[in-house]
1. What's the number of the condition Phe9 fails, among (1) out of contact with any Lys or Arg (no Cβ under 8 Å at 6 or more places or on another chain); (2) assigned to a helix (DSSP H, G or I); (3) at pLDDT 95 or above; (4) of a type outside the set (Lys, Arg)?
2. I'm checking my understanding of the structure. Among residues of segment 127-157 that are among the aliphatic types (A, V, I, L, M) and out of contact with any helix residue (DSSP H, G or I) (no Cβ under 6 Å at 6 or more places or on another chain), which one is nearest to Gln180 (Cα to Cα)?
3. Residue check: is Glu39 modelled with pLDDT of 95 or more, under 14 Å from the mean Cα position of the chain (by Cα) and either outside any helix (DSSP H, G or I) or not small (Gly, Ala, Ser) (or both)?
4. For segment 58-94, what are the residues that are polar (S, T, N, Q) and either within 11 Å of the chain's Cα centre (by Cα) or outside the structural domain of Leu10 (by TED's automatic domain parsing) (or both)?
5. Could you tell me how many of the residues in segment 177-200 are over 21 Å from the mean Cα position of the chain (by Cα), surrounded by 14 or more Cβ atoms within 10 Å (Cβ to Cβ) and within 21 Å of Asp164 (Cβ to Cβ)?
6. Do any residues in segment 88-106 that are closer than 20 Å to Leu133 by Cβ and without any contact (Cβ under 8 Å) to a residue 60 or more places away in the chain have Cβ atoms under 7 Å from those of residues that are surrounded by 14 or more Cβ atoms within 10 Å (Cβ to Cβ) and among the β-branched types (Val, Ile, Thr), where the two are at least six apart or on different chains, and which pairs are they?
7. Check Leu69, Leu63, Leu56, Leu112 and return the single one that is in contact (Cβ under 8 Å) with a residue 40 or more places away in the chain and buried (at least 17 other Cβ atoms within 10 Å of the Cβ).
Amino acid sequence: MAKQNPATFLPDVATTLNNLANLHNDTNEMAIALSEYREALEIYRELVTHNPATFLPYVATTLNNLAVLHWNTNEMAIALSEYQEALQIRRELATHNPSTFLPDVALTLNNLASLHWDTNEMAIALSEYREALEIYHKLAKQNPATFLPDVAMTLNNLASLHSDTNETDLAMSAYQEALQIYQDFAKKSPAAFQPKVDLVLKNIAIL
């Protein structure tokens, strides 16, 4: 059907490939997942030439999925390239529709920061975490229930990075700010947030 009516059915083919790839990724069948993600990406890139507004987000998501896979298989340079392309697309999308795409920008920055930390590029990781934190702070002013946990998550990441570089005072400050946010949320939703409180307390204890 996709050959007879590509505009209608190719998006469904790509979605199915992405879902299959996620499944194969979860079952540790990386080579199959890689092939499916790549085929999905190829379809989405083709669809973008006809309808970028609709399909660029799918290109970015598939690149992000590929980056995670390549990171998990220790192919850091490929993962970095895919994250960076995903970030570039999401930044562009966010200029036109920030409420929808700024969270994706922040998430990709968090992922890139963690990758750069993993490859010992601390200064780059620090810059990316800080930009992600700035975005989440901005989003949390408009929608605290949704984005304050992301502020706390990024603060915890930032604090752990500072701890790793022996900047104890900066680490403690960020941990305490993250802890306060998680404790506030744990009062209303302990099942979801008490484990996060415990994690930050553990991080503080070993600082």
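The values are calculated or read from the model by the stated rules, or taken from the named source; none is laboratory data. Bear in mind that the values here come from a model prediction, so they are computed numbers and not experimental data. Note that we place each Cβ from the backbone using ideal geometry, even for glycine, and neighbour counts take in every protein chain shown.
1. (3)
2. Just the residues of segment 127-157 that are among the aliphatic types (A, V, I, L, M), to begin with: 132-133, 135, 139-140, 145, 148, 151-153, 155.
Narrowing the set further to residues that are out of contact with any helix residue (DSSP H, G or I) (no Cβ under 6 Å at 6 or more places or on another chain) leaves 145, 153.
Values: Ala145: 14, Met153: 12 Å.
Filtering segment 127-157 for residues that are among the aliphatic types (A, V, I, L, M) and out of contact with any helix residue (DSSP H, G or I) (no Cβ under 6 Å at 6 or more places or on another chain), the one nearest to Gln180 (Cα to Cα) comes out as Met153.
3. Values: modelled with pLDDT of 95 or more: yes; under 14 Å from the mean Cα position of the chain (by Cα): no; either outside any helix (DSSP H, G or I) or not small (Gly, Ala, Ser) (or both): yes.
So Glu39 does not fit the description; no.
4. Thr61, Asn64, Asn65, listed by residue number.
5. Total satisfying the criteria: 2.
6. Every condition considered, the pairs that remain are Arg90/Val105; Arg90/Thr108; Arg91/Val105; Ala94/Val105; Leu102/Ile135; Val105/Ile135; Ala106/Ile135.
7. Values: Leu63 fails: in contact (Cβ under 8 Å) with a residue 40 or more places away in the chain; Leu56 fails: in contact (Cβ under 8 Å) with a residue 40 or more places away in the chain; Leu112 fails: in contact (Cβ under 8 Å) with a residue 40 or more places away in the chain.
Of the residues listed, the single one that is in contact (Cβ under 8 Å) with a residue 40 or more places away in the chain and buried (at least 17 other Cβ atoms within 10 Å of the Cβ) is Leu69.
Residues checked against (1) out of contact with any Lys or Arg (no Cβ under 7 Å at 6 or more places or on another chain); (2) touching a residue at least 40 places away in the same chain (Cβ under 8 Å); (3) of a type in the set (A, V, I, L, M):
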site	(1), (2), (3)
Ala123	yes, no, yes
Tyr129	yes, no, no
Asp150	yes, yes, no
Thr165	yes, yes, no
Leu179	yes, no, yes
Ser189	yes, no, no
Ala192	yes, no, yes
Pro195	yes, no, no
